[in-house]
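The values are calculated or read from the model by the stated rules, or taken from the named source; none is laboratory data. Predicted model, so just to flag it, every value in this text is computed and none were measured. Please note: Cβ atoms are built from the backbone with ideal geometry, for glycine as well, and neighbour counts cover all protein chains shown. Side chains included, ligands, DNA and RNA excluded: accessible areas come from the protein's heavy atoms. Shrake-Rupley method; radii C 1.70, N 1.55, O 1.52, S 1.80 Å.
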Amino acid sequence: MNRLRNRLILIFLAATLVPLAATMWYTTSLLEPTSFLRAAGQVDTLSQSLRSTSKELYQRDCADLKARVQKGYPFEQQTLAASARDSWPEAVRSFADSGETERFEYNEQENSRLDYLVRHGADVWIYSHILEDIAGVRSQIARAREVVDVARERDVRRGIQRTYILAVSSIWLLSLALLVYLAHRISRPIQHLTRGLTELSAGDLSARVVERRDDEIGRAIKAFNDMADKLQESTERLVYLRQLASWQTLARKMAHEVKNSLTPIRLTVEEMMARYEDSDRGFMEQATQIVVDEIETLERRIRAFSQFAAEPPVRPGELDVNSLLQERVAFLKTAHPEVAYECRLADSVHHVVADQDLIKGILTNLLENAAEAAGEGGKILGVTAEENGRVAIEVHDSGPGLSETARASLFQPTISFKKRGMGLGLSIARKSALLSGGDILLVKGELGGAGFRVMLPVAINGFQTRADRG
């Protein structure tokens, strides 16, 4: 059964690993190589260095431009008169309003021009110089910064992708753990069912599986338990019938042999009585009567054995168990007025298929035994019910109950020396029940004594009609 669980796990792995591997491959393909990220880091360091160098060059060019102006070197000069202040550029107006005497302005848009603004009264003089070196450096810095920004963006993307991969892997692992749990939960009852089937096939008819589910597996377990119950019941019946057949053969032989011996004994005793003299006739009559009584007792036992060994014809028909139980109780009430009888009949119980004479014999035997066990002032309860597609007739008494020894050999034929029984009643009753397609079971008595249950098959619609036609 572990192979079933492993197959379920392998199916899950095959169904999830392939798309997961494709997803992982596609995700990792979006990541840039690590060498590019290292190069981006180096470019970032280089850009920082170029920025520092550019700043130093800018400061140096500003100082150089100022020195050259002070020394009177010829420069491109622009004088902005105060009268035309409204047409000044925004940077010049800002300088004029700040109160500073001089300022450097770098104009990258106009060929990286450096403007030196100097205040002369209300006017502003502008000295300009083109910074060719700084322009190239700043252009390189800009391109390096673009590379660094792109690298950082991709680095952030890689972090997101790593998080995504981690989340997908975690979800997959959780799903795998859940599948292992579910596979174990699904395979465990099947494993128990397989173990039960193995034990049953090995001959253990008491093998059962605990039923705790209400799905297909639970119904399979219930079907197995029902099958095992029926198989055990059928096996017990078969064993009993085989034993019964052996007992019947033995009883038939014993009855024949004893009968053959009793006939000449009876005739001889009667002949002795007829020939004896009158003086000793009283003694001989008494002795002869004793012998005859014992012979009659033996003959009754022989008839009981003959009845037990006989195979009576079975004539099944539809029977109303409620009416049949009430009729038997009313019939035996007159014979046992010292016992109180009570019937608890089911309101709507199906008819059964059985031989009426056999069922009457069963009920008579059970009620007679119950009356004898209950004794004077005792109680007897007759019950009818229907369960699991069969009709049950129960007889309970208020007697002392049955000992463990009696329970062990309850339905086995024995020799009894009771005045009103031969020890074969329950054996004959169970044989009659089996011939009718049912059985007799010992159950817990409701009145404190013994309890017997007769199980009989429910009648099929139209049985009597088909039987008549057959």
* **Unmet requirement for residue 386, which otherwise passes all of (1) closer than 20 Å to residue 432 by Cβ; (2) part of a strand (DSSP E or B); (3) not β-branched (Val, Ile, Thr)** => (1)
* Structure fact -> Counting only residues in region 50-59 that are open to solvent by less than 70 Å² (accessible area, probe 1.4 Å) and out of contact with any strand residue (DSSP E or B) (no Cβ under 9 Å at 6 or more places or on another chain), the one nearest to residue 127 (Cα to Cα) is identified as 57
* Output the number of residues of region 339-374 satisfying the condition of being in a helix (DSSP H, G or I) and either open to solvent by 20 Å² or more (accessible area, probe 1.4 Å) or in contact with a Ser or Thr (Cβ under 6 Å, 6 or more places away or on another chain) (or both). => 13
* **Qualifying positions in region 381-409 - farther than 28 Å from residue 323 by Cα and not small (Gly, Ala, Ser)** => 400, 402, 404, 405, 407
* In region 36-45, is there at least one residue being modelled with pLDDT of 70 or more and open to solvent by 90 Å² or more (accessible area, probe 1.4 Å)? -> yes
* Out of all the residues in region 336-390, which are among the hydroxyl-bearing types (Ser, Thr, Tyr) and out of contact with any strand residue (DSSP E or B) (no Cβ under 8 Å at 6 or more places or on another chain)? -> 348, 364
* Given the structure, is residue 410 within 30 Å of residue 460 (Cα to Cα), open to solvent by less than 30 Å² (accessible area, probe 1.4 Å) and modelled with pLDDT under 85? -> no
* Asked: Within region 60-102, restricting attention to residues that are among the polar types (S, T, N, Q) and open to solvent by 60 Å² or more (accessible area, probe 1.4 Å), which residue is farthest from residue 123 (Cα to Cα)?
  -> 70
* Structure fact -> Taking region 208-226 and keeping residues aliphatic (A, V, I, L, M) and open to solvent by 90 Å² or more (accessible area, probe 1.4 Å) leaves 210
* To do: Could you run through region 203-246 and say how many residues are modelled with pLDDT under 75 and touching a Leu at 6+ places or on another chain (Cβ under 9 Å)?
  => 4
* Asked: Pairs, please: C-beta under 6 Å, at least 6 apart or cross-chain, first residue closer than 22 Å to residue 218 by Cβ and in region 191-206, second outside any helix (DSSP H, G or I) and at pLDDT 80 or above?
  -> 192/209; 193/209; 196/207; 196/209; 199/207; 200/207
* With respect to residue 175, is the statement that it is touching a residue at least 24 places away in the same chain (Cβ under 8 Å) and part of a loop (DSSP other than H, G, I, E, B) true? -> no
* Residue that is modelled with the lowest pLDDT, among those in region 119-144 that are within 13 Å of residue 62 (Cβ to Cβ) and part of a strand (DSSP E or B) -> 129
* Any residue at all in region 418-432 that is farther than 30 Å from residue 293 by Cα, modelled with pLDDT of 90 or more and open to solvent by less than 60 Å² (accessible area, probe 1.4 Å)? -> no
* Structure fact -> Residue pairs qualifying under the 7 Å Cβ cut-off, at least six apart or on distinct chains, with the first in region 346-362 being of a type in the set (Asp, Glu) and the second being open to solvent by 40 Å² or more (accessible area, probe 1.4 Å) and modelled with pLDDT under 90, are 355/314; 355/315; 355/316
* Determine whether residue 197 is outside any loop (DSSP other than H, G, I, E, B), open to solvent by 50 Å² or more (accessible area, probe 1.4 Å), at pLDDT 75 or above and on the phi < 0 side of the Ramachandran plot. => yes
